[in-house]
Amino acid sequence: MGRFKVVQSKLSRWFSIPWYPIAISAYPVLALLAANAGQVDLKAGVRPLLVSVAFGGLLFFVLWLFFRRAHKAAFLATLWLTLFFSFGHAYIAIDEKYPDANYTLWLAVAWIVLFVLTLVWVTRPRFTFTAAALTLNVVALALLIMAGWQLIPEVQPRSAHALALTKAPIETDLVRPENPPDVYFFLLDSYGRADLLKKAYGFDNSEFLRELEKRGFFVAECSQSNYVRTELSLASSLNMQYLQELSDKFAPENTGRRLLWDSLHHNAVRYNFENMGYETITVETEFAWLNISDADHFLTPPPISSGLTDFEALFLRTTLARYAQEWGWVDPDYILGVTARDRFNNVFNNIDDIANMPQPTFSYIHLISPHPPFVFDAHGNPTDPADFWNEQRLYPANLYQKGYVNQAQFLNKKMLQAIDTILAESDAPPIIIIQGDHGPWLQPKDKRMWILAALYFPDHKDELYPEITPVNFFRLVFNNYFGGKYDILKDVSYFSPVPKLYNFSEVPNPCGQ
């Protein structure tokens, strides 16, 4: 009992100290990380967290110097921090509801008035705010716990045995040939089929396809994706199975993505290659849930010159500091373009090194292109991503078309250069898969399944057919080159809406009919 009273006394003293401004300054960063869990790497939040806490501590210290009363300084610091961190959210909410209203100046004036009113109120002599410390400390701590609780799944190690939780069709008796081929899987995000690009955008992609065919590729002119979203499509492709058969968790009533992302990271294709002694190579993408960072070689670009990350730019827009962007002091959209170009160039700058690795390799190279942001013109010159969206950061159809076609044209040139490098530098004829995970945005749901699919299968080109879909690509790879015994599945495409990701409906393939 005595020990309990000692602990209670210590807690009472601790919670009577006004440390809540520091906790309050940490909460907005943690809450934004939690809201974007899986979309951004948690490490991206370290620097803004430190800056935010330092900012809150500095504001508290300056106000203490002014008041010489800790509780009064802490209370005013908390009010001002709340105003500072909430401004961007109010701005965004009003902008979404009244996109054509001219409210920027008035909102700034309103916030200035609130800053002044809180200052006048807190400086009244009869207010000490000593009794508020306990309550506000508890509230601040509760906010941190709630945000941290949401982040717990992100800091826990992903299950390397996600395969055991699914019915992924792994094979343990595959045979690595004496002169094993390197295997390249280029995933070109949102790259549509030639007939779709011609009908929707008036873009003739036949020259690129002819160049691929000259190099020995089979272009599946009637291919469709098996699913309409990246995470669904890739989890199926890399596990060589339809999601409905992969796990009972992928049922219409469910919406969770953890197993989906884990099954993408620790997939059957990767397992098969690693089990045969292959080394895996992956690249950094824009999305944390896509990054297979525990591969043998995870290729990341050098830090951008501005030093500001995408998450930091997002955090900036949710605070009063967004006026740094309004006044031209900081341009997050420019930074978005720089980081996207850095990731794109990171891939092609490393192709020669990948092709010359002495050990057999399986390279999963995911390019966020021609998917937005649109950061290249047709000749590879930089473009501003903001030139292709409106004030609500939505893509009008005409600007999306322009950015998409420009980016596809430049991507085509880089892909042909990369393929030539791979073919020239490979000791054994490589296996190369080039595919879209789904088609372009802003298309009817059936046409969003029409994808680019080009396959380089040395000596086994006759196994391919125009309607082949990604669920069968690696089944054929393992069967023809490594002694696999996979059945070739019926080629089917499924649409599902957001947020009901697993509420699938079949989409027919009219191509060739």
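The values are calculated or read from the model by the stated rules, or taken from the named source; none is laboratory data. In this text, all values refer to a predicted model and were calculated from it rather than measured experimentally. Reconstructed Cβ throughout: ideal geometry from the backbone, glycine too, with neighbour counts over all protein chains shown. Remember, those area values only see protein heavy atoms, side chains included, never the ligands or the DNA or RNA. Shrake-Rupley method; radii C 1.70, N 1.55, O 1.52, S 1.80 Å.
General remarks:
- Here ALA313 meets each of (1) modelled with pLDDT under 80; (2) open to solvent by 30 Å² or more (accessible area, probe 1.4 Å) with one exception, condition (2).
- For PHE115, the criteria (1) assigned to a helix (DSSP H, G or I); (2) out of contact with any helix residue (DSSP H, G or I) (no Cβ under 7 Å at 6 or more places or on another chain) hold in every case but one, which is (2).
- Within the set GLN392, GLN409, the sole residue that is modelled with pLDDT of 95 or more and surrounded by fewer than 20 Cβ atoms within 10 Å (Cβ to Cβ) turns out to be GLN409.
- Hey, PRO303 at pLDDT below 95, at negative phi, within 17 Å of the chain's Cα centre (by Cα) and in a loop (DSSP other than H, G, I, E, B) or not: no
- Candidates in segment 75-100 are the residues that are over 14 Å from PHE315 (Cα atoms) and polar (S, T, N, Q); of these, the one that is least open to solvent (accessible area, probe 1.4 Å) is THR78.
- Taken over segment 260-278, the criterion of being open to solvent by 10 Å² or more (accessible area, probe 1.4 Å) and either in a helix (DSSP H, G or I) or on the phi < 0 side of the Ramachandran plot (or both) is satisfied by TRP261, ASP262, HIS265, HIS266, ARG270, TYR271, GLU274, ASN275, MET276.
- There is at least one residue in segment 226-243 that is among the β-branched types (Val, Ile, Thr) and part of a helix (DSSP H, G or I).
- Test: ALA220 is out of contact with any Asp or Glu (no Cβ under 8 Å at 6 or more places or on another chain) and either in contact (Cβ under 8 Å) with a residue 12 or more places away in the chain or open to solvent by less than 30 Å² (accessible area, probe 1.4 Å) (or both): no
- For SER293: the one exception among (1) at pLDDT 80 or above; (2) part of a loop (DSSP other than H, G, I, E, B); (3) surrounded by 15 or more Cβ atoms within 10 Å (Cβ to Cβ): (3)
- Selection status of GLU506, under 23 Å from TYR278 (Cβ atoms) and surrounded by fewer than 17 Cβ atoms within 10 Å (Cβ to Cβ): no
- Within segment 244-259, if we keep just the residues that are of a type in the set (A, V, I, L, M, F, W, C) and outside any loop (DSSP other than H, G, I, E, B), the residue that is surrounded by the most Cβ atoms within 10 Å (Cβ to Cβ) turns out to be LEU246.
- Of all the listed residues (VAL175, VAL219), the sole one being aliphatic (A, V, I, L, M), over 30 Å from ALA408 (Cα atoms) and over 28 Å from the mean Cα position of the chain (by Cα) is VAL175.
- Given (1) surrounded by fewer than 19 Cβ atoms within 10 Å (Cβ to Cβ); (2) under 27 Å from ARG258 (Cα atoms), number of the condition TYR494 does not satisfy: (1)
- Conditions (1) buried (at least 19 other Cβ atoms within 10 Å of the Cβ); (2) aliphatic (A, V, I, L, M); (3) outside any strand (DSSP E or B): number failed by ALA454: (3)
- Qualifying residue in segment 427-437 (condition: closer than 30 Å to LEU394 by Cα, in contact with a helix residue (DSSP H, G or I) (Cβ under 6 Å, 6 or more places away or on another chain) and assigned to a loop (DSSP other than H, G, I, E, B)): yes
- Residue match in segment 380-387 (condition: open to solvent by less than 10 Å² (accessible area, probe 1.4 Å) and within 20 Å of the chain's Cα centre (by Cα)): yes
- Counted residues, segment 371-423 - those being of a type in the set (A, V, I, L, M), touching a Leu at 6+ places or on another chain (Cβ under 9 Å) and part of a helix (DSSP H, G or I): 8
- Test: residue in segment 344-354 that is outside any helix (DSSP H, G or I), surrounded by fewer than 18 Cβ atoms within 10 Å (Cβ to Cβ), modelled with pLDDT under 95 and of a type outside the set (Ser, Thr, Tyr): no
- For segment 170-185, filtering for residues that are crowded, with 20+ Cβ neighbours inside 10 Å and either among the aromatic types (Phe, Trp, Tyr) or farther than 29 Å from GLU425 by Cα (or both) leaves 2.
- Counting the residues of segment 464-489 that are open to solvent by 10 Å² or more (accessible area, probe 1.4 Å), touching a helix residue (DSSP H, G or I) at 6+ places or on another chain (Cβ under 9 Å) and outside any helix (DSSP H, G or I) gives 7.
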